[in-house]
1. If you count only protein heavy atoms and use a 1.4 Å probe, how large is the accessible surface of Thr131, to the nearest 10 Å²?
2. Name the residue from Tyr269, Met119, Asn44 whose Cα lies farthest towards the positive end of the charge dipole of the chain, charges +1 on Cβ of Lys and Arg and -1 on Cβ of Asp and Glu.
3. With an 8 Å Cα cut-off and a minimum separation of 6 or more residues, compute the relative contact order for the chain in percent.
4. Determine the per residue accessible area of the stretch 144-283 with all protein chains present and a 1.4 angstrom probe, expressed in square angstrom.
5. Report, ordered by chain and residue number, the lysines lying within cross-link reach of Lys296, taken as a straight Cα distance under 21 Å and ignoring same-chain residues fewer than 8 apart.
6. Just tell me, in residue order, which DSSP H segments of the chain are both 27 angstrom or longer along the helix axis (alpha-carbon based) and at least 0.0 in mean Kyte-Doolittle hydropathy.
7. List the GluC sites (Glu not before Pro) within the stretch 242-315 that fall in a DSSP loop (any state other than H, G, I, E or B) and whose Cβ has at most 10 other Cβ atoms within 10 Å.
8. Which chymotrypsin sites (Phe, Trp or Tyr not before Pro) from the stretch 1-55 combine a DSSP loop assignment with at most 12 other Cβ atoms within 10 Å?
Amino acid sequence: MVLTVTLNPALDREIFIEDFQVNRLYRINDLSKTQMSPGGKGINVSIALSKLGVPSVATGFVGGYMGKILVEELRKISKLITTNFVYVEGETRENIEIIDEKNKTITAINFPGPDVTDMDVNHFLRRYKMTLSKVDCVVISGSIPPGVNEGICNELVRLARERGVFVFVEQTPRLLERIYEGPEFPNVVKPDLRGNHASFLGVDLKTFDDYVKLAEKLAEKSQVSVVSYEVKNDIVATREGVWLIRSKEEIDTSHLLGAGDAYVAGMVYYFIKHGANFLEMAKFGFASALAATRRKEKYMPDLEAIKKEYDHFTVERVK
Ligand code: TA6
């Protein structure tokens, strides 16, 4: 069983507009040009895992009418997804993604989410500890809502690692820097490098070698790090070495929504089914993310779709 933690879930409102321009009025009359689905990074991982036949418990904070819709829609997706969210006063957020296949862009507008009180956090931590005793691994992924201390992820990682639960984390450099203050670290870490990050953990991120250095630095404390480099590549570092996984073809950058979450879900699937072979986990994750980019809408691939991708990337040892 897998526990996915999405402290700040979202209803994802995808809108497909060819040649999207600002300063224009767009009336979406054709409803095939838009879709709404439960989102937030950990929730997408739960959805992806359900497509691979892996059950998971999805937890985090939801609130209001939007939160109710999110939970109901998530339950409709698969019986393999058990929801165990803490309800808070405010409204769960809606995130907007404008997908332009002509210009190969995604313009995302992500909202902050509902205010979460200390009482909500304590309620969540009690549930989290209870659930940890029933799971093999936990995925902690995505932003945190207003009112939640940025050190919470450090606490979530520590509680899981102290109980011998395997931990996957995908988060922004700002949140990861808090986690890497110690004392416990995720087994698998995938920095969320969306947006511009000039530096991270004291590494200036300019050249390929800088990204290799970052991956190695993370792998000094975690068992494996996966660092995205120029969209079509991932640098994978373990204690044994560093590899570069590279897509043979260009990736349609307007199809990237959810691909990172499909990557994490692919690594979790491989870990659950085959154990902690870190390079193989990363390869399966890469194949899963590639498969997720074959459609413009947020889409989590099944096993058959993922296996087909093994012919579409190369793996070379870097160090
Ligand atoms: O990776 C896709 C996604 O999880 C979307 O579902 C969207 O809700 C967004 O990323 C959430 O990211 P955030 O960092 O705002 O938690």
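The values are calculated or read from the model by the stated rules, or taken from the named source; none is laboratory data. Note that this is a predicted model, so its numbers are computed, not measured. FYI the Cβ positions are ideal-geometry reconstructions off the backbone, even for glycines, and counts take in every protein chain you see. Keep in mind that these areas ignore ligands, DNA and RNA; they rest on the heavy atoms of the full protein, side chains included. Shrake-Rupley method; radii C 1.70, N 1.55, O 1.52, S 1.80 Å.
1. 20 Å²
2. Of the listed residues, the answer is Tyr269.
3. 16 percent
4. With all protein chains present, the stretch 144-283 gives 40 Å² per residue.
5. Lys33, Lys41, Lys51, Lys102, Lys104, Lys232, Lys248, Lys307, Lys308
6. Passing helices, by number: none.
7. Those satisfying the criteria are Glu249, Glu250.
8. When the chymotrypsin sites (Phe, Trp or Tyr not before Pro) of the stretch 1-55 are filtered for loop state and at most 12 Cβ neighbours within 10 Å, Tyr26 remain.
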